[in-house]
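To keep things clear, I will list the structure first and then write my remarks on it.
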Amino acid sequence: MDFKLTNELKMLQKMYRSFAENEVKPIAAEVDEEERFPKETIPKLARYGFMGIPYPKEYGGQGGTALAYAMAIEEISKVCATTGTIVAAHTSLCCNPIFDWGTEEQKRKYLPDLLSGRKLGGFGLTEPNAGSDASRQQTTAVLEGDHYVMNGSKCFITNATEADVFIVMAMTDPSKGNKGISAFIVERNFPGFSVGKHEKKMGIRGSATCDLIFEDCIIPKENLLGKEGQGFKVAMQTLDGGRVGVAAQALGIAEGALDEVVKYTGERQQFGKRLAQFQNTQFQIADMKARCDAAQLLVYRAAAAKDDHDPNLGFYSSIAKLYASETASDVTRRVVQLFGGYGYTREYPVERMMRDAKITEIYEGTSEVQRMVIAARMGVR
Amino acid sequence: MKIIVTVKQVPDTSGKVAVNPDGTLNRASMETIINPDDLNATEAALKLKDEYGCKVIAFTMGPPPAEGMLRELMAMGVDEGVLITAREFGGSDTYATSQIIAAAIDTYGVDEDDIVICGRQAIDGDTAQVGPQIAEKLHLPQVSYAGEMKKEGNTLTIKRMLEDGYMTIKVNTPCLITCIKELNEPRYISVSGAFEAYSKPLVIMDYAALKDHPLIDETTIGLKGSPTNIFKSFTPPQKGVGMMLEGAGKETTDKLADILSAKHII
């Protein structure tokens, strides 16, 4: 067992930090305030390889690891959870299923543009009546000759207005339940595809979260991802890996808030003392640091499990996501309290961090779903 | 064509600055960074690489941990690193350092179409002497303080930034350029670069590798061969606070003129 980062990862961590500080942080508050997708950041992320970190070079990836990817999401999310979400949804939810389930032809067609960041990806599983109970898919796809005709809608889709390629689940055989769901690679210019209502959210307000609408949407037969009926498996396996990304995002939010509170309490004076000199501040910060470090170890273990093709990936990523997201909510709430009135204003970033943290307990499997996964894996039923 | 960049690992002065009782910098207890001007030199070299596909080699003199810095430069896109390291080289001032680096560059070889690029100066010594001295010792034409640089064939057109203006100079390769931070914005390392950095070639040039070079002589290297002696280091007293005049009206300009006139500046 080795808890030390390799030289490569240390080097990357330093770069991620300086990139996040110089290129992402300066616009984070504005992106949140204006609910604006940070378009200008995408080419910069692309240039340095952020959009294809854990994929091989032969498909245009960076030849990196899941751990290097998780660390990138962590560092970006320290300063801007919106940007963390954009990269994570693209990498984990769109690129990953194509890489894991795609035919050689599909990989060659889609991955180079996605992994280089020339195109952005998204993922459509959730429907108005199929949230945590993802098996209740109502979107259908019917094979007609050389193409499928898709009808239905998806909701809460990250990157919806900006993505060029989506992985979409639809029912191809309703009589088979879960086993009647299939996965498709859908391009935004396919006839019958459109983007619907833009959600107004509590946090990660710069990420474009919208409905996807399919009205007799024509999808070439060769865009079926995996085999017919494998869609639910594609989705669940994708989410197993994707949770590492959300866990890393939650970890970053917590660490970012901790950085802010250490700085603030070191300067702010009350009762003739710096806040940092009060034992309450010291104990709270020590507790938060311990939680953040525990979350970090869980996230890194899950990422390493992905790199090692460890069969425990799903178990580890559920534990990491559950713990890191609840840490993010707890830490940001306590940090706002330590900031006092200023923490409640938009003059400081901590109220934004508190709003951003909440979603990590909800998307890509709520904390309750994670508890179900963990308990089931332990044989507690 | 190849580009050689010279780089130095320096103490990170943005963190805690540690000073020894004698007033010198306590380097051992400080974090290190790549000297900022040297990052501009590296970026200039990598831009030429992007355009011409030439090889870029980074040279540094320092203790073995300086390898970490060379690997970071490789992650930016540098193809090869040369680490000049030996106990005999320790304690060198700018004269001895440039002697050793010149010997190392000469040993590696400088061809007709090569360019050596150095940062203007290091933030620890602030002398701006090493680059020009390397050029002298290698008998290369040099242009210092490059703020803009264009290459056509084997000719470089350089805008040399001076305190009171600029000069535009044309120079043929092989040559040595020292650059200022306005020359460019250094790139970050890339993710793939980081994963490739540790498999790129690193050449170690120790005393044995350089001792037979004509520039290397026991009396001109290391502490013994350094003509500079530090007698005392001290913190200079702070200058007085400047005066700000507000407003752009006649009243303010008259006031400014009065002050300048009283000081016999105008």
Residue in region B:21-39 that is within 14 Å of another protein chain (Cβ to nearest Cβ) and over 15 Å from B:Lys8 (Cα atoms) present: no
Residue within region B:32-43 that is within 21 Å of B:Ile216 (Cβ to Cβ) and either modelled with pLDDT of 95 or more or not hydroxyl-bearing (Ser, Thr, Tyr) (or both) present: no
Residue in region B:155-173 that is small (Gly, Ala, Ser) and within 19 Å of B:Ile117 (Cβ to Cβ) present: no
Qualifying helices (runs of 4 or more DSSP H) (wholly inside region A:291-381; at least 2 residues being in contact with a Leu (Cβ under 9 Å, 6 or more places away or on another chain) and among the acidic types (Asp, Glu)): none
Which listed residue is buried (at least 24 other Cβ atoms within 10 Å of the Cβ) and charged (D, E, K, R), from A:Lys200, A:Lys176, A:Lys154: A:Lys154
Residue list for region B:169-227, restricted to those being among the hydroxyl-bearing types (Ser, Thr, Tyr) and either within 14 Å of chain A (Cβ to nearest Cβ) or within 23 Å of the chain's Cα centre (by Cα) (or both): B:Thr173, B:Thr178, B:Tyr188, B:Ser190, B:Ser192, B:Tyr198, B:Ser199, B:Tyr207, B:Thr220, B:Ser226
All helices (runs of 4 or more DSSP H) inside region A:57-132 with 3 or more residues being under 22 Å from A:Gln13 (Cα atoms) and out of contact with any Pro (no Cβ under 6 Å at 6 or more places or on another chain): A:66-79, A:81-88
Unique match (being in contact with a helix residue (DSSP H, G or I) (Cβ under 7 Å, 6 or more places away or on another chain) and hydroxyl-bearing (Ser, Thr, Tyr)) among B:Tyr166, B:Tyr207: B:Tyr207
B:Gly131 being in contact with a Lys or Arg (Cβ under 8 Å, 6 or more places away or on another chain) and modelled with pLDDT of 95 or more: no
Total residues in region A:25-52, condition within 14 Å of another protein chain (Cβ to nearest Cβ), of a type outside the set (Phe, Trp, Tyr) and not in a helix (DSSP H, G or I): 1
Within region B:218-264, tally of residues that are of a type outside the set (S, T, N, Q) and assigned to a loop (DSSP other than H, G, I, E, B): 25
Residues within region A:179-195 that are farther than 19 Å from A:Thr158 by Cβ and part of a strand (DSSP E or B), tallied: 2
Counted residues, region A:133-169 - those being of a type outside the set (A, V, I, L, M, F, W, C), part of a loop (DSSP other than H, G, I, E, B) and touching a Ser or Thr at 6+ places or on another chain (Cβ under 8 Å): 2
Filter result for the condition that a residue is of a type in the set (A, V, I, L, M, F, W, C) and either free of Cβ contacts under 8 Å to residues at least 24 places away in the same chain or surrounded by fewer than 24 Cβ atoms within 10 Å (Cβ to Cβ) (or both), over A:Val246, A:Val262, A:Val335: A:Val262
Filter result for the condition that a residue is surrounded by fewer than 24 Cβ atoms within 10 Å (Cβ to Cβ), modelled with pLDDT of 95 or more and at negative phi, over A:Glu35, A:Glu105, A:Glu75: A:Glu105
Region B:156-168, subset surrounded by fewer than 19 Cβ atoms within 10 Å (Cβ to Cβ) and of a type in the set (Val, Ile, Thr), residue farthest from the other protein chains (Cβ to nearest Cβ): B:Thr168
Condition check for A:Asn22: within 14 Å of chain B (Cβ to nearest Cβ) and in contact with a Lys or Arg (Cβ under 8 Å, 6 or more places away or on another chain): no
Residues (within 12 Å of another protein chain (Cβ to nearest Cβ), of a type in the set (A, V, I, L, M) and out of contact with any helix residue (DSSP H, G or I) (no Cβ under 6 Å at 6 or more places or on another chain)) located in region B:52-75: B:Met69, B:Leu70
Criterion: over 28 Å from B:Gln99 (Cβ atoms) and out of contact with any Lys or Arg (no Cβ under 6 Å at 6 or more places or on another chain) - qualifying residue of B:Lys239, B:Lys232, B:Lys181: B:Lys239
Qualifying residue in region A:11-19 (condition: closer than 28 Å to B:Gly68 by Cβ, in contact with a Phe, Trp or Tyr (Cβ under 9 Å, 6 or more places away or on another chain), touching a residue at least 60 places away in the same chain (Cβ under 8 Å) and surrounded by 21 or more Cβ atoms within 10 Å (Cβ to Cβ)): yes
Which listed residue, of A:Ser329, A:Ser318, is at pLDDT 95 or above, of a type in the set (Ser, Thr, Tyr) and closer than 23 Å to A:Ala134 by Cβ: A:Ser318
Tally of residues being loosely packed, with under 14 Cβ neighbours inside 10 Å and charged (D, E, K, R) across region B:116-155: 4
Residue list for region A:277-319, filter: farther than 22 Å from A:Arg243 by Cβ and touching a Phe, Trp or Tyr at 6+ places or on another chain (Cβ under 9 Å): A:Phe278
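The values are calculated or read from the model by the stated rules, or taken from the named source; none is laboratory data. It should be emphasised that the depicted structure is a prediction, and the values quoted were computed from it without experimental measurement. Virtual Cβ from ideal backbone geometry, glycine too; neighbours counted across all protein chains shown.
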